[in-house]
């Protein structure tokens, strides 16, 4: 056992807005802030984004939407969540959770004002 190998790496990043948690709410918050021109850091303690909706847990986003054939046929989410759900319906007709992970990751990586930190824990800001 080598304690240096297991030691935490300390990172300091200057940012205007920090989102701790890369679940669907965190992803939408980070994208929205980035699109407003805010330098944003999105921090997720797992290797994938999406939280419960990720391939790790596999609970689809429902809200008001009839996503993947669920209830509320005529209701619909708006904003960034709608973008994500529409793209998922277009690209992921089989409902594959790994494809959904990829869609979320691409959405975040396409935003120039987001610094994404996966597999990262926050102990202080």
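The values are calculated or read from the model by the stated rules, or taken from the named source; none is laboratory data. Just so it is clear, the structure is predicted and the values come from calculations on it, not from any experiment. Note that each Cβ is placed from the backbone with ideal geometry, even for glycine, and that neighbours are counted across all protein chains shown.
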When residue 60 is run through (1) part of a loop (DSSP other than H, G, I, E, B); (2) over 19 Å from residue 119 (Cβ atoms); (3) at pLDDT 95 or above, the failure sits at (3)
Those residues of region 4-38 which are crowded, with 20+ Cβ neighbours inside 10 Å and outside any helix (DSSP H, G or I) amount to 19, 22, 23
Within region 89-119, restricting to residues that are in a helix (DSSP H, G or I) and touching a residue at least 40 places away in the same chain (Cβ under 8 Å), the one that is surrounded by the most Cβ atoms within 10 Å (Cβ to Cβ) is 100
Of 86, 48, 41, 122, the only residue that is modelled with pLDDT of 95 or more and either within 16 Å of residue 13 (Cβ to Cβ) or part of a helix (DSSP H, G or I) (or both) is 41
